[in-house]
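Below: one structure, written as C-alpha cells.
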Amino acid sequence: MNAPAAQTFDARALRQVLGAFVTGVTVITTVDKNGKPHGLTANSFTSVSLDPPLILWSQSLTAPSHPVFRESERFVVNILADDQVEISNKFARGGGDKFAGCVTRTGLGGVPLIEGCAAYLECRRINSFPGGDHLVFLGQVERIERTGLQPLVFGGGKYLVAQPHDLGLMAAPGGANIARLKAVRLATRALVELSDELDETLGLGVWGNKGPTIVRWEEASQPVSDNLRTGLVLPVLTSATGLAFAAWLPRETTAPFIEAELAQGMDLLQVEQELAQVRATGIVRLVGTDKFSDLYGTNISAASVPVFDNTGAMVLALTAIGSSQRLDLGEGSPLVMGLRHCAAALSFRLGGRSLSAPASNDPLQAI
C-alpha cells in the first residue's frame, strides 16, 4: 500500500494551525559586548530538562538582534504578566529603543530583568542549533524567580487571559462544574463584544468557594482603576455582583456569607428589602457607592444581571462598573439594555430561563 502523499500548505496556514497551541509570552533579554541591552518578544520558549535545568527558545535568523543573541553568553527569559501587553508589543517591534520607559533591574552577567513580570529564568547559553529559518538556543537555568502575578497568554493571534480550570467553583454533582466552565467560555466572548460596543468596563462573576469571584474583566477605554484583577473576591451585600448572587442563589448557599456580613452591623430588614427589589427589577444597581474607594480610588456605580443554566440555577453575573459621573444606569440606557439583552441571550444558549426575553431565536448573533 502506497503511503499517502504529503500535504502541501503555505506559511500562513501553518502559522494559523500553530496558533491553536496556546502559549505564554516572554521577552528574552541579553547584553552585547559593550553592555548595551537587547530584547525581543518570543513565545517559542519551552522547558527541556529539570536535571540539569535546561530550557530552549528560538529566534529568526533575520531578526535585527540575532547577531547579538548568537554571540551572547547569557540571556534572561522574562515571562510576562497579564497586564504587560504593551511591553510585549514594544519588544515585538523592530527599531527604536525598546527599553525606553521600561523599568529594569540588573541580573546575572549584567543582563536586564523587566520589572513586573510573572516569572524570570536567568540562563547561561550552553549550545545553539540550526532550525530552518531559526536558530534554537539551549540554556541552563542558573537563577529563577516567581512573583505570583498571572501570566500573559497568547493563542490564535490574540492575547488571552489565563484562568484555573476549576475556577474555584462550588462543589456540584456530576458534570455541573464542566457545564459552568462552558458557560464561562461562552460568556467571555459575549462580554468582550459587549464591552467593545458600549465602551464600558464589564466583569464576569461566578460563585466560588470564597463567595462572588470575578474571573474576567474587559476594560473600557477609560477604565475606572488600574486594580482590576481576575480572581477578585467581592463581598455579598455591598457589591453588585454579590447582591445578584444573593438574590437568585439558594439561601443555603449564600447564608454563611450573608450572616458573616450582617454580623458587621448591617440591617437584615434593609437587606431583605433590597434583595426583593433586585428580584422584582431583574437587575442590581449601585449608585455612587464608596465601599470600594480603597480599591478603586474613587466612588463607583455598578450594575449586575444574572445568567441562568438549564437547571434554573444562576451560574454567572454580568457586571458593569464605572465612575459615578460616567455610568448611566437608567432603565433605557444602552448599558442597562445591553446587560439585560446579553444575559438573556446567554441564558437562552444555556437552556435557562430569562428575566428579559430576547427577540430573536439566536440572540447572541445580535451581540
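Can you name every residue in segment 312-324 that is open to solvent by 10 Å² or more (accessible area, probe 1.4 Å), among the hydroxyl-bearing types (Ser, Thr, Tyr) and either assigned to a strand (DSSP E or B) or touching a residue at least 60 places away in the same chain (Cβ under 8 Å) (or both)?
Answer for segment 312-324, where residues must be open to solvent by 10 Å² or more (accessible area, probe 1.4 Å), among the hydroxyl-bearing types (Ser, Thr, Tyr) and either assigned to a strand (DSSP E or B) or touching a residue at least 60 places away in the same chain (Cβ under 8 Å) (or both): just Ser323.
If only one of Glu252, Glu197 is out of contact with any strand residue (DSSP E or B) (no Cβ under 7 Å at 6 or more places or on another chain) and closer than 18 Å to Asp328 by Cα, which one is it?
On the way: Glu252 fails: closer than 18 Å to Asp328 by Cα.
Among Glu252, Glu197, only Glu197 is out of contact with any strand residue (DSSP E or B) (no Cβ under 7 Å at 6 or more places or on another chain) and closer than 18 Å to Asp328 by Cα.
Which ones in segment 74-91 are exposed (fewer than 14 other Cβ atoms within 10 Å of the Cβ) and either more than 19 Å from the chain's Cα centre (by Cα) or polar (S, T, N, Q) (or both)? Can you show your working first?
Within segment 74-91, the first condition is being exposed (fewer than 14 other Cβ atoms within 10 Å of the Cβ), and the residues that meet it are 86, 89.
Listed by number, the list holds a single entry, Asn89.
Among Ala344, Ala303, which is the only one that is modelled with pLDDT of 90 or more, closer than 15 Å to Leu355 by Cβ and within 23 Å of the chain's Cα centre (by Cα)? Before you say what the answer is, go through the steps one by one.
Values: Ala344 fails: within 23 Å of the chain's Cα centre (by Cα).
After applying the criteria, what remains is Ala303.
Taking interchain pairs and intrachain pairs at least six residues apart, which have beta carbon atoms under 9 angstrom, with the first residue in segment 248-274 and in contact (Cβ under 8 Å) with a residue 60 or more places away in the chain and the second in a helix (DSSP H, G or I) and surrounded by 10 or more Cβ atoms within 10 Å (Cβ to Cβ)?
Trp248/Val278; Trp248/Arg279; Thr253/Phe245
Answer yes or no: is there a residue in segment 208-229 that is in contact (Cβ under 8 Å) with a residue 12 or more places away in the chain, open to solvent by 10 Å² or more (accessible area, probe 1.4 Å), in a helix (DSSP H, G or I) and closer than 30 Å to Glu193 by Cα.
no
Take segment 230-239 and flag every residue that is under 20 Å from Ala183 (Cα atoms) and either open to solvent by less than 10 Å² (accessible area, probe 1.4 Å) or among the hydroxyl-bearing types (Ser, Thr, Tyr) (or both). Explain how you work it out, then say what you get.
Looking only at segment 230-239, we keep the residues that are under 20 Å from Ala183 (Cα atoms), and these are 230-233.
Scanning segment 230-239 gives a single hit, Thr230.
The values are calculated or read from the model by the stated rules, or taken from the named source; none is laboratory data. Computed from a predicted model, the values in this text were never measured in an experiment. Note that we place each Cβ from the backbone using ideal geometry, even for glycine, and neighbour counts take in every protein chain shown. Heavy atoms of the whole protein, side chains included, go into the accessibility calculation; ligands, DNA and RNA do not. Shrake-Rupley method; radii C 1.70, N 1.55, O 1.52, S 1.80 Å.
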